[in-house]
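To keep things clear, I will list the structure first and then write my remarks on it.
The values are calculated or read from the model by the stated rules, or taken from the named source; none is laboratory data. No experiment lies behind these values; they were computed from the predicted model shown. Every residue, glycine as well, gets a Cβ built from its backbone with ideal geometry; the counts of neighbours run over all protein chains shown.
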Amino acid sequence: MSSLGTVQRPGGGPMQVTYRGLPLYTFADDHKPGSVAGNGFKDVGTWLAATTSKAVATAPASTSSGGGYGY
(Lines give C-alpha, C1' and ligand atoms only; values in the text may rest on other atoms or scores of the structure.)
Protein backbone atom coordinates (compact mmCIF):
# COMPACT_ATOMS: atom_id res chain seq x y z
CA MET A 1 0.00 0.00 0.00
CA SER A 2 1.39 3.41 -0.98
CA SER A 3 1.63 6.26 1.52
CA LEU A 4 0.92 8.79 -1.24
CA GLY A 5 -2.58 9.57 -2.39
CA THR A 6 -4.88 12.36 -3.49
CA VAL A 7 -8.03 14.00 -2.21
CA GLN A 8 -10.50 16.31 -3.93
CA ARG A 9 -10.05 19.92 -2.79
CA PRO A 10 -13.12 21.79 -1.47
CA GLY A 11 -15.15 23.56 -4.13
CA GLY A 12 -14.13 21.16 -6.89
CA GLY A 13 -10.60 22.56 -7.26
CA PRO A 14 -7.64 20.48 -8.41
CA MET A 15 -6.73 17.28 -6.61
CA GLN A 16 -4.48 17.67 -3.53
CA VAL A 17 -1.54 15.28 -3.03
CA THR A 18 -1.54 13.58 0.38
CA TYR A 19 0.96 11.57 2.41
CA ARG A 20 -0.55 9.08 4.84
CA GLY A 21 -3.85 10.91 4.42
CA LEU A 22 -2.43 14.36 5.25
CA PRO A 23 -2.30 17.08 2.55
CA LEU A 24 1.07 18.23 1.18
CA TYR A 25 1.64 21.91 0.48
CA THR A 26 4.32 24.16 -0.94
CA PHE A 27 5.74 27.09 1.05
CA ALA A 28 5.83 30.51 -0.62
CA ASP A 29 9.41 31.27 0.50
CA ASP A 30 10.80 28.01 -0.93
CA HIS A 31 11.95 29.17 -4.36
CA LYS A 32 13.91 26.15 -5.63
CA PRO A 33 14.02 22.37 -5.15
CA GLY A 34 15.53 21.49 -1.78
CA SER A 35 14.50 24.74 -0.07
CA VAL A 36 13.07 24.14 3.41
CA ALA A 37 12.36 27.67 4.68
CA GLY A 38 8.88 26.53 5.76
CA ASN A 39 10.16 23.63 7.86
CA GLY A 40 9.40 24.30 11.51
CA PHE A 41 7.23 27.31 10.66
CA LYS A 42 4.71 27.87 13.44
CA ASP A 43 1.21 28.91 12.38
CA VAL A 44 -1.85 26.93 13.49
CA GLY A 45 0.61 24.12 14.20
CA THR A 46 4.18 23.36 13.24
CA TRP A 47 4.80 22.68 9.55
CA LEU A 48 7.33 19.99 8.70
CA ALA A 49 9.03 19.42 5.37
CA ALA A 50 8.36 16.09 3.68
CA THR A 51 11.52 14.13 2.95
CA THR A 52 12.30 11.03 0.92
CA SER A 53 14.52 9.55 3.63
CA LYS A 54 14.40 8.99 7.37
CA ALA A 55 16.47 12.15 7.86
CA VAL A 56 14.59 15.15 9.19
CA ALA A 57 14.82 18.32 7.10
CA THR A 58 16.37 21.26 8.92
CA ALA A 59 15.53 24.87 8.18
CA PRO A 60 17.96 27.75 8.43
CA ALA A 61 17.80 29.78 11.64
CA SER A 62 14.91 32.22 11.49
CA THR A 63 15.22 35.89 12.29
CA SER A 64 11.42 36.25 12.38
CA SER A 65 9.44 36.17 15.61
CA GLY A 66 6.25 34.88 14.05
CA GLY A 67 3.96 34.76 11.08
CA GLY A 68 3.83 38.51 10.63
CA TYR A 69 0.08 38.82 11.10
CA GLY A 70 0.39 41.58 13.70
CA TYR A 71 -1.58 39.86 16.44
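Computed quantities for the displayed model
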| quantity | calculated |
| --- | --- |
| Matching residues, the range 8-41, being in contact with a Gly (Cβ under 8 Å, 6 or more places away or on another chain) and at pLDDT 90 or above | Val17, Thr18 |
| Pair list, Cβ under 6 Å, 6 or more apart: the range 41-58 residue at negative phi and surrounded by 11 or more Cβ atoms within 10 Å (Cβ to Cβ), other residue modelled with pLDDT under 75 and of a type in the set (A, V, I, L, M, F, W, C) | Ala49/Ala57; Thr51/Ala57 |
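Residues checked against (1) outside any strand (DSSP E or B); (2) surrounded by 10 or more Cβ atoms within 10 Å (Cβ to Cβ):
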residue	(1), (2)
Thr18	no, yes
Thr26	yes, no
Val36	yes, yes
Asn39	yes, yes
